[in-house]
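The values are calculated or read from the model by the stated rules, or taken from the named source; none is laboratory data. Only a predicted model underlies this, so the values are computations on that prediction, with no experimental measurement involved. Every residue, glycine as well, gets a Cβ built from its backbone with ideal geometry; the counts of neighbours run over all protein chains shown.
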Amino acid sequence: MRKLQVKFGTGNAKGSSRSLIRPLQRERGSGDNEFNNRRRVEAVMAELDKMVGLENVKGLIKELKAFIEIQRRRQLEGLVSSTNTLHMIFKGNPGTGKSTVARLMGRLFKEMGVLTQGHLIEVERADLVGEYIGHTAHKAREQLKKALGGILFIDEAYSLARGGEKDFGREAIDVLVKGMEDYRDNLILILAGYKEEMDYFLETNPGLRSRFPIQLDFPDYSITELMAIARLMLAEKQYILTPGAAEELEKILRREILFGHRYNGNARMVRNIIERAMRRQALRLVKKKNLTRQDLISIEREDLLRPDPPAGKKENENDFPGGPPICYNNSQ
Ligand SMILES: Nc1ncnc2c1ncn2[C@@H]1O[C@H](COP(=O)(O)OP(=O)(O)OP(=O)(O)O)[C@@H](O)[C@H]1O
Ligand SMILES: [Mg+2]
């Protein structure tokens, strides 16, 4: 469920004393013009729109964009401009688009004057938690510093609370909470991880929940969505699936969703399958003479099939240097 909570400031009519919205580049007189600025914002929005599914995410980002625009207009009119807490929780399995969306948000917030840099720093427990007293605070502060002006994205954030009271993970949480306050006008924190674990983490750390008013779910993609993602990824690389290849890919995806590991990577699995198919296509074509443009762009069914195991050898995933057998054909 998506929650968007907007905190209204209590400033006077001249505007809030602490606005999260800073002047755009053009307003700072950098020579950049309004047209370029709008174009960059629209480019980010177009990239977001191109992503398959994720309607809740797209809806939230449009809300935030509109909100920021209106606060800026209010600021220009001398009205109170409200602050908006933008720290977020992303819940979803691996490969469901969390990092991609966070990266787009960083770029958007930069163009809209919410962040100065808009970069994404992705970290996990090992990047934040040290091994001796004082080490954790130092490591966590370093990451905060690196992320200043952008987004600090903490993957598998619940692992910070894993070790109980004496674990240094708790100290890392305290440093992060302090950092959120100290840098609140130029840093966004995103805590990400599996849905169940994140829910439990927030339940057992109620103090944190209110600091992250935006919660976004990233559900697993359906077969239809995964197929659309595959076509999108291929189109970006100027490849197409022949009808036979599309049929085969769908079969592979169905089988993976039914029998594969629950956390096997969702859209990332699609990327892996496609990249492997591109290598197989190359291997198929490299021996061929008189290649046409059509040959070069087409992924055929056989590019998605699992190769035969070497003669006389029992099948084992280590026999296939191309990767684990999950993405091979369904002939057994
Ligand atoms: N909705 C989508 N449309 C198109 N491509 C997508 C979509 N979601 C994810 N992808 C692609 O799938 C791949 C995995 O996405 P991403 O790295 O954002 O997932 P993640 O949730 O951060 O995974 P992890 O938790 O493992 O880090 C990327 O190559 C990304 O471009
Ligand atoms: Mg990620």
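Remarks
- Flag if residue 62 is in contact with a helix residue (DSSP H, G or I) (Cβ under 9 Å, 6 or more places away or on another chain), of a type in the set (D, E, K, R), over 23 Å from residue 180 (Cβ atoms) and within 10 Å of ligand 1 (Cβ to nearest atom): no
- The lone exception for residue 171 - which of (1) in contact with a Lys or Arg (Cβ under 7 Å, 6 or more places away or on another chain); (2) part of a helix (DSSP H, G or I); (3) farther than 23 Å from residue 57 by Cα it fails: (1)
- Search result, residues across the stretch 66-110 that are closer than 20 Å to residue 212 by Cβ and away from ligand 1 (no atom under 16 Å from the Cβ): 67, 68, 82, 83, 84, 85, 86, 87, 109
- Among the candidates 152, 232, the residue that is within 18 Å of the chain's Cα centre (by Cα) and farther than 30 Å from residue 278 by Cβ is uniquely 152.
Let's see how each residue does on (1) under 20 Å from the mean Cα position of the chain (by Cα); (2) in the same structural domain as residue 158 (by TED's automatic domain parsing); (3) at pLDDT 95 or above:
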{"position": "197", "(1), (2), (3)": "yes, yes, no"}
{"position": "207", "(1), (2), (3)": "no, yes, no"}
{"position": "211", "(1), (2), (3)": "no, yes, no"}
{"position": "214", "(1), (2), (3)": "yes, yes, no"}
{"position": "237", "(1), (2), (3)": "no, no, yes"}
{"position": "245", "(1), (2), (3)": "no, no, yes"}
{"position": "254", "(1), (2), (3)": "no, no, no"}
{"position": "257", "(1), (2), (3)": "no, no, no"}
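- Scanning the stretch 127-148 for residues that are part of a helix (DSSP H, G or I), among the β-branched types (Val, Ile, Thr) and within 16 Å of ligand 2 (Cβ to nearest atom) turns up nothing.
- Among the residues examined, residue 262 does not qualify as outside the structural domain of residue 195 (by TED's automatic domain parsing), modelled with pLDDT of 85 or more and basic (Lys, Arg).
- The condition of being under 13 Å from residue 186 (Cβ atoms), modelled with pLDDT under 90 and away from ligand 2 (no atom under 15 Å from the Cβ) does not hold for residue 169.
- Counted residues, the stretch 111-144 - those being away from ligand 1 (no atom under 16 Å from the Cβ) and either of a type in the set (Ser, Thr, Tyr) or without any contact (Cβ under 8 Å) to a residue 12 or more places away in the chain (or both): 7
- Some residue of the stretch 161-174 being within 16 Å of ligand 1 (Cβ to nearest atom), on the phi < 0 side of the Ramachandran plot and in contact with a helix residue (DSSP H, G or I) (Cβ under 6 Å, 6 or more places away or on another chain): no
Matching residues to (1) in contact with a Leu (Cβ under 8 Å, 6 or more places away or on another chain); (2) in contact (Cβ under 8 Å) with a residue 40 or more places away in the chain; (3) crowded, with 16+ Cβ neighbours inside 10 Å:
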| residue | (1), (2), (3) |
| --- | --- |
| 180 | yes, yes, yes |
| 207 | no, no, no |
| 225 | no, yes, yes |
| 233 | no, yes, yes |
| 239 | no, yes, yes |
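- The condition of being part of a loop (DSSP other than H, G, I, E, B) and either within 13 Å of ligand 2 (Cβ to nearest atom) or at pLDDT 95 or above (or both) holds for only one of 96, 83, 116, that being 96.
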